[in-house]
1. State the number of residues belonging to region 222-259 that are farther than 30 Å from Val306 by Cα, in contact with a Pro (Cβ under 8 Å, 6 or more places away or on another chain) and surrounded by 21 or more Cβ atoms within 10 Å (Cβ to Cβ).
2. Scan region 197-224 for residues that are free of Cβ contacts under 8 Å to residues at least 40 places away in the same chain and in contact with a helix residue (DSSP H, G or I) (Cβ under 7 Å, 6 or more places away or on another chain) and jot them down.
3. What pairs come up if the first residue lies in region 20-43 and is surrounded by 11 or more Cβ atoms within 10 Å (Cβ to Cβ), the second is not in a helix (DSSP H, G or I), and their beta carbons are under 6 Å apart, counting only those six or more places apart or on different chains?
4. Can you list residue pairs whose Cβ atoms sit under 6 Å apart, with the first residue in region 48-64 being without any contact (Cβ under 8 Å) to a residue 40 or more places away in the chain and the second being part of a helix (DSSP H, G or I) and not β-branched (Val, Ile, Thr)? Count only pairs 6 or more apart in sequence or on different chains.
5. Sort out which residues of region 53-74 are hydrophobic (A, V, I, L, M, F, W, C), at pLDDT below 85 and surrounded by 14 or more Cβ atoms within 10 Å (Cβ to Cβ), and write them in order of number.
6. In region 269-278, what residues are loosely packed, with under 14 Cβ neighbours inside 10 Å and farther than 16 Å from Leu249 by Cβ?
7. Under 25 Å from Leu344 (Cα atoms), of a type outside the set (Asp, Glu) and assigned to a helix (DSSP H, G or I), is that true of Phe307?
Amino acid sequence: MSDGLVKRSNALQVLLAAAALVVVIAGLDAAEEIILPILFGAFLSITTLPMVRGLQRLGIPTLIGIPVVVLLAAGALVGIISVFAATVSQFGKDIGAYEVAFNELVRHNIELMEWLGFSDFEAFLQTGELTDLLTPTAIMRLVTTTVNGVVNVLGRVVIVVVTLTFILLEASEIEQKVQVAFGSDAQPAGPFAGAGEKVTRYLLIKTIVSAFTGVTAGLLCRFVGLDFWVMWGVIAFMLNYIPTIGSILAAIPPMLLAMVQLDVGPTLAIGSGYAVINITLGNFIEPRLMGQSLGLSPLVVFLSLVFWGWLWGPVGMLLCVPLTVMAKLVLESNEETRWLAVLLGSPREVRRGGPPPPRLESIG
């Protein structure tokens, strides 16, 4: 084959791959209402599967252990949603008074802002652009949009619970199915052996760290006397699943409310407290617990946050890391796509020579 035909063939393959990618992305976007509840059910099953296996080790039959775990998971979801909804409802009734107080606070500080160099601050204030952007209403709208995206998905409880139940029922049969299909010497999951453990480890550690973040943030707000401290704790818990920006978004609303309800001192205390909590948990404790179990480049994590957030909104941001881990594991399983897995990998993994080669040879 001539060089010209080879180049045209390669160009055609690239175009076909790009077209297929566009079709897949469009399909994921169109099927969002169906896919997201199923994904949440799948991730819940990954998180709760160790509980089922723990009950099995205690001698509790699977047909009893699975309903117990499903009821506990469903109860936790309903409890979080109920507490958050009740607190937000009460906050909505009081938000008008907070907004009036915020506007007064801004007007009383016109001289300070002009002394700092904002000579036209009063004229800018009269346009309403600043108050419209920074009012408690606007900030809460941003945060509740993120949280409501999750609540709406979890609101499809039937799909989530049914998916969770069936995956837990099938989990114990996967190894037997693989051995029947590929032979008794096959690895339990073929080229994906260890994938479930990595995602399970990530979700468990992230959930524990997020829960501790939410509890400490809520108690901090209660300690300084801030209203609706339970809501701020729930928001900190849920937004901590979003890498990089989640903890920042969680700190903004309570700081604004503290500035209106309390004073500068408590506001700085809340800001400093959130910073200490997130630096301690996010930069020290969580990385030590995670180790190198994910093997993702920080740049890849950020780009996946942008992509999945663009595709599925706030819910996509919550799911971005598990989805990217799964994509990397799929790419590792094929020799032709293994180079893409190397690009997604962490610098330490690259220094070791890339991800482990696929174990397809052991199947057969």
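The values are calculated or read from the model by the stated rules, or taken from the named source; none is laboratory data. As the structure is a prediction and not an experimental result, all values here were calculated from the model. We place every Cβ from the backbone using ideal geometry, glycine too, and count neighbours over all the protein chains shown.
1. 2
2. Ser210, Ala211, Gly214, Val215, Gly218, Arg222, listed by residue number.
3. Here the result reads Pro37/Arg156, each pair linking region 20-43 to a residue that is not in a helix (DSSP H, G or I).
4. As it stands, the answer is Leu55/Gly65, since those pairs meet every condition given.
5. Restricting attention to region 53-74, the residues satisfying the condition of being hydrophobic (A, V, I, L, M, F, W, C) are 55, 58, 60, 63-64, 66, 68-74.
Next, only the ones that are at pLDDT below 85 stay: 63, 73-74.
Residues satisfying the conditions are Ala73, Ala74.
6. Ser272, Val276
7. Working: under 25 Å from Leu344 (Cα atoms): yes; of a type outside the set (Asp, Glu): yes; assigned to a helix (DSSP H, G or I): yes.
Yes.
Conditions (1) among the β-branched types (Val, Ile, Thr); (2) in contact with a helix residue (DSSP H, G or I) (Cβ under 8 Å, 6 or more places away or on another chain), marked per residue:
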{"residue": "Asn10", "(1), (2)": "no, no"}
{"residue": "Val14", "(1), (2)": "yes, no"}
{"residue": "Phe43", "(1), (2)": "no, yes"}
{"residue": "Gly54", "(1), (2)": "no, no"}
{"residue": "Gly65", "(1), (2)": "no, yes"}
{"residue": "Ile80", "(1), (2)": "yes, yes"}
